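Each reported figure results from applying straightforward, stated rules to the coordinates on display, with no laboratory input. In this text, all values refer to a predicted model and were calculated from it rather than measured experimentally. Positions of Cβ are generated from backbone atoms using ideal geometry, with glycine treated the same way; all protein chains shown enter the neighbour counts.
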Amino acid sequence: MSRIGKRPVAIPGGVTASIENGTLSVKGAKGTLTLGLSDLVEYKLEDGQISITPANDTKAARSHWGMQRTMVANLVEGVTDGFTKVLVIKGVGYRASSQGKTLKLQLGYSHDVDLDVPEGLEVKTPDQTTVEISGIDKQAVGQFAAEIRRWRKPEPYKGKGIAYRGEYIFRKEGKKK
């Protein structure tokens, strides 16, 4: 029995949801998101909330139950508040700047790293060592943050690299003679 799946997803005021042709569409102040519905789970839209239940008692249906409920909750949260990931750049000469729909990173390579910002995301650089990625789709925000981080993962000896804000980097002591 899924503890997460049992709880219905509340739809706040100003948000509309509809289920048509195997897709759930959620529309709010920040935009519209859709989700393809799984056949293993049943969705019911009633009195301001969406309830999710497994279609049958198979292991596959039970395993989809909690995840589908979380994905529906992410749709509702995305169109109301949106999602934000903050990356912190540490290292001498490492910096970032946002120029329109391009993010320019200087990470100690012989060349600058230019990344095109995907559609639907907004990237801000309040200072040279901070990158804020925001959007309504949680998966897209996290994926773009991971792609940026991939260029210089934080290393344990000096702590240089690109890390998420609040991420703990396990530090190691250097080699001794």
Legend entry - Amide H partners (placed H, <5 Å) of Val41, local residues excluded: Ala55
Legend entry - Using θ = phi - 60° and Karplus 6.51 cos²θ - 1.76 cosθ + 1.60, couplings along segment 62-79 (whole Hz; Gly, Pro as x): 5, 6, 7, 4, x, 5, 5, 5, 5, 5, 5, 4, 5, 4, 5, 5, x, 7
Legend entry - Calculated from backbone phi, Karplus (6.51, -1.76, 1.60) coupling profile of segment 17-28 in Hz, x at Gly/Pro: 10, 8, 10, 9, 6, x, 10, 9, 10, 10, 10, x
Inset, instruction - First measure r as the distance between the Cβ atoms of Tyr164 and Gln99, then evaluate 1/(1 + (r/R0)^6) with R0 = 25 Å and state the FRET efficiency to the nearest 0.05. - result: 0.60
Legend entry - Dipole of the chain, positive end: most advanced residue of Thr16, Ile50, Thr70 [Cβ charges, Cα centre]: Thr70
Inset, instruction - Starting from the Cα of Lys59, draw a straight line to each of the aspartates and glutamates and keep only those under 19 Å, dropping any in the same chain fewer than 8 residues away. - result: Asp39, Glu42
Inset, instruction - Using a 10 angstrom cutoff on alpha carbons, build the Gaussian network for the chain and name the most mobile of Ala55, Ala17, Ala163. - result: Ala55
Legend entry - Value of Rg to Rh for segment 3-80 (Rh from inverse mean 1/r over Cα pairs, i.e. Kirkwood): 0.96
Legend entry - Relative contact order (%) - the chain, alpha-carbon pairs under 8 angstrom, separation at least six: 18
Legend entry - Residues Ser110, Ser63, Ser38, sorted so that the one with the fewest Cβ neighbours within 10 Å comes first: Ser110, Ser63, Ser38
Inset, instruction - Could you please report the charge total around Ala17, scoring K, R as +1 and D, E as -1 over all other residues with beta-carbon less than 14 angstrom from its beta-carbon? - result: -1
Legend entry - Viscosity 1.567 mPa s, temperature 4 °C, Stokes-Einstein D of the chain from Kirkwood C-alpha radius, µm²/s: 69
Legend entry - Farthest toward positive dipole pole in the chain [+1 Lys/Arg, -1 Asp/Glu at C-beta], among Gly5, Leu105, Gly120: Leu105
Legend entry - Whole-number percent relative contact order across segment 3-80, with pairs defined as alpha carbons under 8 Å at least 6 apart: 36
Inset, instruction - Quick one: what are the phi-derived ³J(HN,Hα) couplings along segment 139-156, Karplus 6.51/-1.76/1.60 with θ = phi - 60°, whole Hz, x for glycine and proline? - result: 5, 5, 5, x, 5, 5, 4, 5, 5, 5, 5, 4, 5, 8, 5, x, 9, x
Inset, instruction - Extending each Cα 7 Å along its Cβ direction at Gln106 and Gln143, get the distance between those two points in nm, one decimal. - result: 3.1
Legend entry - Check: the chain dipole with +1 on Lys, Arg Cβ and -1 on Asp, Glu Cβ, in debye: 1380
Legend entry - Label-point gap, in nm, between Ser25 and Arg3 - each point 7 angstrom along Cα→Cβ: 3.7
